[in-house]
Structures are given as C-alpha cells and as structure tokens.
Amino acid sequence: MTRYARMSGAIVAEIVETDKALSELYHADIAAQFEAVSDDVAAGMHRQEGGAFAFPPGPELSAVTSSLSDRIDADAEDIRAKYITTGAGQAMAYLEKASQAKAYLAETDPVDADYPLLVAEVGITGETVAEVATVIDTMQKQWVAICAQIEPIRIGAKEQIKVAETVAAAQAIYDAIVWPSD
C-alpha cells in the first residue's frame, strides 16, 4: 500500500493510502496534485525548506486561553439574557427591586410609599404592592437558582482552561461546556 499526500501549495490537504495507481482513482489533473509520502506525514502539515513536513506553529496558548475565557463569559451572559434584560442600569434596577421586595415582605405593616419601585409596577406586575413584592421576590429566587447553575460552569471552565497545557486541550474544555437549558 502506498501513502500519498494531496498538496495544496505547500500544505498537505489530505492523505490517501491505496494499492492502485492514482490515475485509476482520479482524473490526471487531480492525480498530479499527489505525491508519495512517509507514514509520519499528516493532513495539515506544511512542507518546510528542504522538503521535510511539519505542522505550522500554533497560536500562543495564552492568547487562546484568554480568548476562550472571554467567550465563556459572553456565553454565560447569553444564557443569563434568556432570563433577564441585560445592561448595567437594568441590573441595578433589578437589584433595587429585589431589595425593596425583600424588605417589604419582611415588614409587619409596610408603608407602600417607602417602596417606589414596587409602587411603580402596581397594575403591571401585580394589583397591589404586596403582590408586586411577592412576584419580584419569587423571580429573584428563581434568578438565584439559575445563577447557581451557570456560575460553577463558567468559573470551573475558566479555571480548567487557565491550566490547560495545549491549545487543543483548552479548546476541548471549551467545546465540552454544557450550559443549563430552559
């Protein structure tokens, strides 16, 4: 059996092993793109000066791990965006509403006017401030549960990628991430 590399310029595009003549398998123009090679030549290698084959140097590991880490954060944000409106100002509004809802529900005899963000949602989120507070508090608890699923995945994957020893290992860690679904 003879091993052939189909060349695309100086790059090995594919490897074919056959007992047949290449002219039996391919049109003459295609067969001319092949050359016999040793067992250590693989697709993706480049012909170096002097005729030897080698894989090209890969991207720097630190650049890849940094990029993958950024992608993990962006992916986590995309998952969170399924459940909330994104944006710093909106996040602050959510936090304040959750704080007001928790405080309102903890009071024995709350004064509605002390909770302006809850009052603003009366007739929209609930018919009374108490209903609005209950809905927001429930949503906050659901949000915490979702975050409790997202954060260990996000943080764990970033830590694993940080200590990956190769670009391929870092990419494999990223590719294996399974985010929670709705």
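Out of 136, 161, 173, 150, I need the residue that is over 17 Å from the mean Cα position of the chain (by Cα), of a type in the set (A, V, I, L, M), surrounded by 13 or more Cβ atoms within 10 Å (Cβ to Cβ) and not in a loop (DSSP other than H, G, I, E, B). Which one?
136 is the lone residue from the list that is over 17 Å from the mean Cα position of the chain (by Cα), of a type in the set (A, V, I, L, M), surrounded by 13 or more Cβ atoms within 10 Å (Cβ to Cβ) and not in a loop (DSSP other than H, G, I, E, B).
Mind telling me which of the residues 38, 8 ends up being surrounded by fewer than 11 Cβ atoms within 10 Å (Cβ to Cβ), at pLDDT 90 or above, over 19 Å from residue 171 (Cβ atoms) and not assigned by TED's automatic domain parsing to the domain that holds residue 165?
After ruling out the rest, the residue left standing is 38.
For the subset of the range 47-67 comprising residues that are over 30 Å from the mean Cα position of the chain (by Cα) and touching a residue at least 24 places away in the same chain (Cβ under 8 Å), which member is nearest to residue 156 (Cα to Cα)?
Filtering the range 47-67 for residues that are over 30 Å from the mean Cα position of the chain (by Cα) and touching a residue at least 24 places away in the same chain (Cβ under 8 Å), the one nearest to residue 156 (Cα to Cα) comes out as 53.
The values are calculated or read from the model by the stated rules, or taken from the named source; none is laboratory data. These numbers come from a predicted model, not from an experiment. Virtual Cβ from ideal backbone geometry, glycine too; neighbours counted across all protein chains shown.
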